[in-house]
Every structure is written in C-alpha cells, then in structure tokens.
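All remarks here apply to the structure that follows.
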Amino acid sequence: MLLCGGESERLGFPKEMLRVDGEPLVVKQVRRLQALFCAVFVSSNRPERLRHLLDVPILEDEIADAGPLAGVLTGLRRAGTGRVFFLACDLPAVPDEVIETLVARAAESEAQTVLAHS
C-alpha cells in the first residue's frame, strides 16, 4: 500500500507529483512496489489527482483530513489481504532490501505489526 496525500504546504504542490527522472514520483513508487508485491494499492486523500496516472486501485481515505493514519486505516480495511505493507510515497530512498527484510520478518512473526527502526 502506497500512502499518498497530505497538503504539501512547504513544497507548494502534491509530493506524489514531484518529477523524478521525468515522471511523477507516485508512478515510480507504484512500479517499484509492483516488482516486490503481487498486489499494489494506493491510498490518497485526493484520489482524483492520481486516477489518470495509475493502473492500480486507488482507495480514498475513509476519514478526511486525518493524515497518514487515515490511509493506514483505509488500507487495513479495504486491501482484502491478510497482511499489508505500507510505504509513504515520499520515501523513495528506502532500499528494496529493507522492504524485503521487513516482509520476511513479518512472515516469521506472530506479531500484528512489524516496524523498521534505526
């Protein structure tokens, strides 16, 4: 689940639309997650910004103006999978190896939540 949205007040435009190598960051991040997972969803407080760019399900936050936790809640309720991996759209520098390690640790664990920390 890719979490997109927010007000992007400091940037002045939606972070997910930041162009990286000529394309919006959200497109690059979805493609990246598609290489790692069999199903990819996007959660957004403004899905209309994304529908023309993406070929994956875009879930509108169930609670308006509640920040990233609204996207997490929406993802947990609507993904329809036993486990959900969440990544913020504006974190493109997280190495694939870190994601793979988190997923592997989650698969080995009975914990309901597995988090990365430094």
### Query
How much length, in nm to one decimal, is gained on full extension between Q112 and C38, taken as 0.36 nm per residue of separation minus their Cα-Cα distance?
24.6 nm
### Task
Net charge near A70: determine it from the other residues with C-beta under 9 Å of the C-beta of A70, scoring Lys and Arg +1 and Asp and Glu -1.
-3
## Note on the structure
Rh (Kirkwood, all Cα-Cα pairs) for the chain, Å, reads 14.8 Å
### Query
From a point 7 Å beyond the Cα of I63 in the direction of its Cβ, which residues of region 1-39 have a backbone N at a distance under 18 Å?
3-7
### Query
Highest mean first, what order results for 101-112, 86-97 on Cβ atoms within 10 Å?
86-97, 101-112
### Cα-based shape type of region 54-118, given that a ≥ b ≥ c are square roots of the gyration tensor eigenvalues and the cut on a/c is 1.5
prolate
### Neighbour-limited loop hits for trypsin sites (Lys or Arg not before Pro), region 1-40 (at most 10 other Cβ within 10 Å; DSSP other than H, G, I, E, B)
R10
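Between V56 and R83, 0.36 nm times their residue separation minus their Cα-Cα distance comes to what?
Working: separation 27, 0.36 × 27 = 9.72 nm, distance 1.77 nm.
Separation in residues times 0.36 nm, less the Cα-Cα distance, equals 7.9 nm.
Over the chain, what is the mean sequence separation of C-alpha contacts under 8 Å (at least six apart), divided by residue count, expressed as relative contact order in percent?
Result for the chain is 27 percent.
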#### Entry: On Cα atoms only, tilt of 68-78 relative to the major axis of the chain in degrees
60 degrees
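Every read-out reported here was derived from the displayed coordinates using simple, explicitly stated rules and does not represent laboratory data. Only a predicted model underlies this, so the values are computations on that prediction, with no experimental measurement involved. Don't worry about glycine lacking a Cβ; one is built from the backbone with ideal geometry, like all the others, and counts go over all protein chains shown.
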